[in-house]
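The values are calculated or read from the model by the stated rules, or taken from the named source; none is laboratory data. Bear in mind that the values here come from a model prediction, so they are computed numbers and not experimental data. Note that each Cβ is placed from the backbone with ideal geometry, even for glycine, and that neighbours are counted across all protein chains shown. Side chains are part of the model used for accessible areas, which takes the heavy atoms of the whole protein and leaves out ligands, DNA and RNA. Shrake-Rupley method; radii C 1.70, N 1.55, O 1.52, S 1.80 Å.
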Amino acid sequence: MWSKIWKNRVEFYPYASIYLFWFLGSFVSSLRVQNRPGIVALGLITIPSILLITIATIKTYRKLPGELRHSGVCDADDVG
Amino acid sequence: MSHAYNVSASVDFDRKFSIIAFGLLIAVIIFSTYLHHFQPHILNVPSNTNVASWKMTPIEHTWIYDRMNAAELEKVKTQGIPGTDFFTMLVYLGLSLFGTYLCFSHAKKHYSYRMAALFLIGSFIFTGLQETLMILSGRFWMGGGQIDPNVWGSYWFPQGLLWFFETPVWVCLCWFIIAYSCVWVAKQVFPALPLWSRALIGGLTAMVIDLWEDPVLTSPEHMKWIWAKGDHIGILGIPHGNFLGWFFLIFWFVILWEKYLPLCEKRRGAGKGTLAFVGLILISNIIVLAILIIEGHIMIRVFPQGLHIPPLSWDW
C-alpha cells in the first residue's frame with residue numbers, strides 16, 4: 001500500500017497540503033490557546049470538510065493503477 | 001488524466017509568460033516589502049512593538065481586546081505582537097512555499113504548466129489584492145471615519161516577512177493552497193456535478209475549515225490578524241464578513257479560472273486571453289468589495305443591535 005502511494009505521491013499532494021494546513025494552522029495552534037475553554041473542541045465543526053477530504057483521498061487511492069501493472073503484468077481491466 | 005480545457009500554448013509562449021508574470025509579481029513583492037518594513041508611515045502600518053501608538057484603531061477598538069484578560073493585555077502592551085520575529089515569519093513563509101510546491105506540482109500534472117501557473121498567480125493576485133483593498137479601505141476610508149465604519153472597521157496582518165501590497169506573501173500562498181485543494185476535493189468527491197456546484201462545495205469546504213482556524217489564529221497567543229470593531233455580526237468572535245469572503249473568493253476564482261480563462265484564450269488567443277483573465281480578476285476585486293460593503297449595510301439594518309453567534313455572554 002505505502003509503495004503504491006509513494007509511487008503515485010503527486011496524486012495526494014493537494015490532500016497532504018490541506019491536511020497539513022488544518023493540522024498546523026488549526027489543531028496544533030489551538031493547543032496553545034489558553035483563555036478560551038472549548039477552543040480545541042470547536043474543531044469538531046470542521047468534521048464535514050475533513051470527511052470530504054478523507055473521502056477524496058480514499059477515492060484517489062482506489063483509482064490508482066494496481067501494483068501488478070508496474071511489474072509489466074496486465075490487469076484484467078487491460079484486456080480488450 | 002489531462003482535461004479537455006487545457007490551454008494549448010507553445011513552450012516558447014510559456015517561457016515568456018513565466019518570465020513576465022513571475023517577474024512582475026516579484027517586483028511588486030520587493031516594492032511592497034520595502035514599503036511595509038522601511039516606509040511604514042506611507043500606508044500607516046500599525047506598529048508591532050508599540051501597541052499604544054495605534055492611532056486609527058486603538059487596541060481598545062479591536063475584537064482581540066474583548067478576548068484578552070488583564071495579563072495578556074499587559075503582555076501585548078509591553079512585549080508587542082507575538083510571532084513577529086524573523087525566524088517565526090521565515091517558518092510561515094517556508095511552510096506556505098512547501099504547500100504551494102505540492103499543489104503546483106499536482107496542478108501541473110493534471111492540467112498544464114500554464115494552467116497551474118495561472119491558478120497560482122491568479123489566486124495570489126485575486127486574494128492578495130482583495131485583502132489589501134479591504135485592509136486599506138478599512139484603514140483609510142471606513143475605519144478612518146470617511147464613511148460608515150460599522151460595515152467593517154479595519155483589519156490587518158502584523159506578521160509577514162515578504163509582502164504583496166498590505167497582504168503577507170504567506171497568506172496569499174495559503175489562499176492558493178486552500179483554493180486549489182478544496183476545489184480538487186470537490187471534484188473528486190462529486191465528479192458528475194457541474195462547475196458551479198463544485199465551486200460552491202469547494203468554497204464551503206474552505207469556509208468550514210476557517211470556522212475553527214480563524215478563532216484560533218486571532219487569539220491573543222497567535223494574533224495572525226487583528227480585527228478592528230465594526231462589523232455588527234460576529235460568528236465565533238469573528239466578523240461574519242470574513243467567512244463570506246472565504247467562501248466567495250474561492251467560489252468565484254475557480255469559476256474564473258476553469259470557465260472564463262479557457263473561454264478568453266479561445267476567443268482572443270493565449271496572450272490577450274491571459275490579459276483578459278487578469279482584467280476579469282481586477283474587476284472582480286472591485287465587485288467583491290462592493291458586494292461586501294452593500295451586504296454589510298443591509299445587515300446593519302436587519303440587525304441594528306448586532307448579532308453574535310454564540311452570544312457574547314458565552315465569552316466567545
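Accessible area per residue was computed with a 1.4 Å probe on protein heavy atoms; B:Phe38 scores about 140 Å². The charge dipole of the protein assembly as shown, taken about its Cα centre with unit charges on the Cβ of Lys, Arg, Asp and Glu (plus for the first two, minus for the last two), comes to roughly 940 debye. Sorted largest first by accessible area at a 1.4 angstrom probe radius, with every protein chain in place, the residues B:Met223, B:Met56 fall in the order B:Met56, B:Met223. Within the set of other residues whose C-beta is less than 12 Å from the C-beta of B:Tyr113, count the net charge using Lys and Arg as +1 and Asp and Glu as -1. For residues surrounding B:Tyr113, the net value is +3. Report the label-to-label distance for B:Lys77 and B:Leu24 in nanometres (one decimal), using points 7 Å from each Cα along the Cα→Cβ vector. Between B:Lys77 and B:Leu24, the label points sit 4.8 nm apart. The solvent-accessible area of B:His297, taken with every protein chain present and a 1.4 Å probe, is close to 50 Å².
Averaging over all projection directions, the Cα-based convex hull of the stretch B:2-309 occupies 16.3 nm² in the image plane. Backbone amide hydrogens, once placed in the peptide plane, bring B:His308 within less than 5 Å of B:Gly234, excluding anything fewer than 5 places away on its chain. Which residues does a label at B:Leu275 reach in the stretch B:10-39, if reach means a backbone N under 15 Å from a point 7 Å past the Cα toward the Cβ? Correct set: B:17, B:20-21. Legend: mean number of C-beta atoms from other chains within 10 angstrom of residue C-beta atoms, peptide B:181-191, equals 6. The 3J(HN,Hα) values that the Karplus relation (6.51, -1.76, 1.60; θ = phi - 60°) gives for the stretch A:40-51 are, in residue order, 6, 5, 4, x, 4, 5, 8, 3, x, 5, 5, 4 Hz. Gly and Pro appear as x. Whole-Hz Karplus values for the stretch B:109-122 come out as 6, 8, 10, 6, 4, 6, 4, 5, 5, 6, 5, 5, 5, x Hz, taken residue by residue from phi with 6.51 cos²θ - 1.76 cosθ + 1.60 and θ = phi - 60°; glycine and proline positions read x.
Per-residue shielding of B:200-212, expressed as the average number of other chain Cβ atoms within 10 Å of the residue Cβ, stands at 5.
Chain A against chain B buries an accessible area of about 3500 Å², both chains summed, 1.4 Å probe radius.
For the peptide A:55-63, the mean number of other protein chain Cβ atoms found within 10 angstrom of a residue's Cβ is 3. Only protein heavy atoms count here; on that basis, with a 1.4 Å probe, B:Ile287 has an accessible area of about 90 Å². Site pair A:Trp6 and B:Ala52 shows an inter-label distance of 5.9 nm when each label is modelled 7 Å from Cα along Cα→Cβ. Binning the alpha carbon pair distances of the stretch B:83-213 at 10 angstrom intervals from zero yields the distribution 12, 33, 35, 17, 3, expressed in whole percent. Taking other residues whose beta carbon is less than 12 angstrom from the beta carbon of A:Tyr13, and scoring Lys, Arg as +1 and Asp, Glu as -1, yields +2. If you sort B:Leu133, A:Leu51 by accessible surface, 1.4 Å probe, largest first, the order is A:Leu51, B:Leu133.
If R0 equals 51 Å, the separation of the Cβ atoms of B:Asp14 and A:Gln34 corresponds to a calculated FRET efficiency of about 0.55. Taken one residue at a time, the phi angles of the stretch B:169-174 give Karplus couplings (6.51, -1.76, 1.60, θ = phi - 60°) of 4, 5, 5, 4, 5, 5 Hz. Gly and Pro are set to x. Between B:Leu193 and B:Phe31, the simple label model (points 7 Å from Cα in the Cβ direction) yields a spacing of 4.0 nm.
Take the protein assembly as shown, compute every pairwise Cα distance, and split them into 10 Å bins from 0; I just need the percent in each bin. Values per bin, smallest distances first: 5, 21, 32, 25, 12, 4, 1, 0. The residues of the stretch B:56-87 occluded by other protein chains by 10 Å² or more of accessible area, set against the chain on its own, are B:Arg67, B:Asn69, B:Glu72; surface from heavy atoms, 1.4 Å probe.
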